[in-house]
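The values are calculated or read from the model by the stated rules, or taken from the named source; none is laboratory data. As the structure is a computational prediction, the values presented were derived from the model and not from experiment. So basically every Cβ, Gly included, is an ideal-geometry build from the backbone, and we count neighbours across all protein chains shown. These accessible areas exclude ligands, DNA and RNA; they are computed on the full protein's heavy atoms, side chains included. Shrake-Rupley method; radii C 1.70, N 1.55, O 1.52, S 1.80 Å.
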Amino acid sequence: MKTDLFIDEYWTYGLANHAGDVVMTIENGKEYAGTGPFDKFFTVGGVSQAFDYANVWAQQEADVHPPFYYVIIHTICSFFPGVFSKWFGLIPNLFCLPVIDILLYQIGKIMFGSRARSLMAVIVYGFGAMMMNMIIFIRMYALLTVAVLAAVFLFLWYFEREKDRRFWLYLYLISIIGTLVQYYFLIVLFFLCLFQGIVFLWRRKWKDVLCFLLTLTAAGVSSVLIFPAMLDHIFGSGYRGQEAWDNIVSVDNLAERIVGNVGWMARELFGGRVVMVLFFLAIGVLLFGRKGRFKSILKEISLQEYMVLCMTVCYLAVIIKIAPFRADRYIMCVGWCLIFLSMDLLHRLLCLLKKDWKYEKICVLGFLVFLGLNVSSMIVLKGELPFSYLTNRGLREQLSQYKDSMAVYIYEDSWTLCNHYEDLPLFQKYMFVNYKEFPEIMEARKETGIVLYVSTSSYEGDAIVDEILSSGQRWKEAEFLCTYGMANVYYLWE
């Protein structure tokens, strides 16, 4: 299904492999053909640049992410210098998939106390739109999900057990790995540790409290020693870190943030907004119809489940507040929590309402309900996973009708250029032009018709086209073709 990549997915390759600037290097006004300028940015340049992890570190220091995921991408690409393929980015996700399933199954056994229900929950989540969308998204979020699941499983497994040396060692290693995959892991880790720490204090386990603090401090110091730039990324001049801190103190667009993120959860986990509202409304009516039912369910919920619930709710609250975009990628690492907790709630409710039913019948009914939600999600998404970009295939067919024309890409910031690997090489020739230099560069050219890409933040594409048409240059007519990637596309002719 995956026919194109999102701009951040293209950046995955550039930040992992490109030696030099963190943006794609091009020459204004130069004619290009094929994928040459893109390959220089996306691929390992040659044997001398293969396995160059110092460059990976330098690229991430200049960007805003920790390096572990990019090390994996660079390692795979180093075996294929000069070659670009979506599969190099999909391979790590495909390796994460069975690990995710195994960890989910083990967590489910602890939460549900049943292998059958655990397996059903894994199947439901595995066939869900969010899980499949995550696996085809060439970013670090599948690996982040592995780190989150490993941390959750560790805390659940040892929750009522004595904390031995292996627990502290695993906590130390998982904390470092998760932090070096994605800084948002720290949010999950914080709330897991907060809950566990409160339990330690409540139970007066002072030795465990001390070991807890020492282990987490050691993990934090080790992470900083491995990648010192993380302090600047989170607390200093890193633009994502600054953006997160600004969002914490701001109340602007909070309602939009909540609605947007709930919308993603509804579409990819619970069958769409209408279906999700009806589903949880029905559960609410059944729960609160009789107070005794609600109290009975609350009494049966274990501390482990409360820990997962607390971690999930608090993580979502923080992410909705600080995340730069309203996007499903930030929810992916806890999407499984929402499914598992919802399935458990429905199961407990059915057990109360249908006491005369066999246990197996209740399990199967809950399983079928959530499979139905998965089907509804795919209907809402019209059978297309968001990160497959199936619609881009049709757009490329439309643009290929103009393949004999020159394509001119007007840009303001060069970070958008890498997003057009699939479409610009369709044209016989194409060039990049800074929007301020467009009149001067195009004055000496003889094309009677051009395909014009406009990607600027300061001006609307239509305004630039109108300015070109009224400037007295040879082009007198314009037709809007489509929006592809980060640019509006037009055809201009005399």
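Structural descriptor for the chain: relative contact order 19 percent, calculated from alpha carbon pairs under 8 angstrom and at least 6 residues apart. Here the relative contact order of region 48-127, from alpha carbon pairs under 8 Å that lie six or more residues apart, stands at 19 percent. Overall, the accessible surface of the chain at a probe of 1.4 angstrom is composed of carbon and sulfur to the extent of 63 percent. Any idea what angle helix 359-380 forms with the longest principal axis of the chain, computed on alpha-carbon atoms, 0 to 90 degrees, nearest 10? The helix 359-380 is inclined about 20 degrees to the chain.
With the cut-off at 26 Å, report for region 320-432 the share of all Cα pairs above it, as a whole percent. I get 52 percent for the Cα pairs in region 320-432 exceeding 26 Å. Computed on region 380-494, the Cα convex hull volume stands at 112 Å³ per residue. Considering every alpha-carbon pair of region 72-164, the percent of pairs per 5 Å bin, from zero through the bin containing the longest distance, is 2, 13, 20, 19, 16, 11, 8, 6, 3, 1, 0.
Here the Karplus curve 6.51 cos²θ - 1.76 cosθ + 1.60, taken at θ = phi - 60°, turns the phi angles of region 341-347 into couplings of 5, 5, 5, 5, 4, 5, 4 Hz, with x standing for Gly and Pro.
The Kirkwood radius of region 1-158, taken over pairs of alpha-carbon atoms, gives through the Stokes-Einstein law at 37 °C and 0.692 mPa s a diffusion coefficient of 189 µm² s⁻¹. When the helices of the chain are scored as -39500 (n - 2.57) per DSSP H run of n ≥ 4 and the total is divided over every residue, the value at 222 nm lands at -20000 deg cm²/dmol. Once region 175-254 is represented by equal point scatterers at the alpha-carbon sites, with solvent omitted, what log10 I(q)/I(0) does the Debye formula produce at q = 0.12, 0.20, 0.26 Å⁻¹? Summing over Cα pairs of region 175-254 leads to -0.46, -0.96, -1.19. Using the structure shown, list the pairs from K295/K354; K40/K403; K446/K476; K295/K355; K163/K205; K30/K403 with a Cα-Cα distance above 20 Å, or answer none. Violating the 20 Å Cα-Cα cut-off are K40/K403.
Diagonalising the gyration tensor over the Cα atoms of region 244-286 and scaling each eigenvalue by 5 before taking the square root yields semi-axes of 27, 12, 7 Å, largest first. The chymotrypsin sites (Phe, Trp or Tyr not before Pro) found in region 227-330 that occupy coil by DSSP, while having at most 13 further C-beta atoms within 10 Å, are F325. Here's the list of lysines a cross-link from K382 could span, going by alpha-carbon distance under 27 Å and ignoring same-chain residues fewer than 8 apart: K2, K86. Short-range pairs are left out: with C-alpha atoms under 8 Å and at least six residues apart, the relative contact order of region 67-217 is 23 percent. Gyration tensor over the Cα atoms of region 151-306: the corresponding equivalent ellipsoid has semi-axes (square roots of 5 times the eigenvalues, largest first) of 33, 27, 13 Å. Percent of C-alpha pairs per 10 Å bin in region 38-84, short distances first: 30, 56, 14.
For the chain, the direction-averaged projected area of the alpha-carbon convex hull comes to 26.1 nm².
Principal-axis analysis of the Cα atoms of the chain puts helix 185-202 at an angle of about 20° to the longest axis. Once the Cα atoms are used to define both axes, helix 291-300 deviates from the longest principal axis of the chain by about 90 degrees.
Distance from the Cα centroid of region 118-132 to that of region 322-379 is 9 Å (rounded to whole angstrom).
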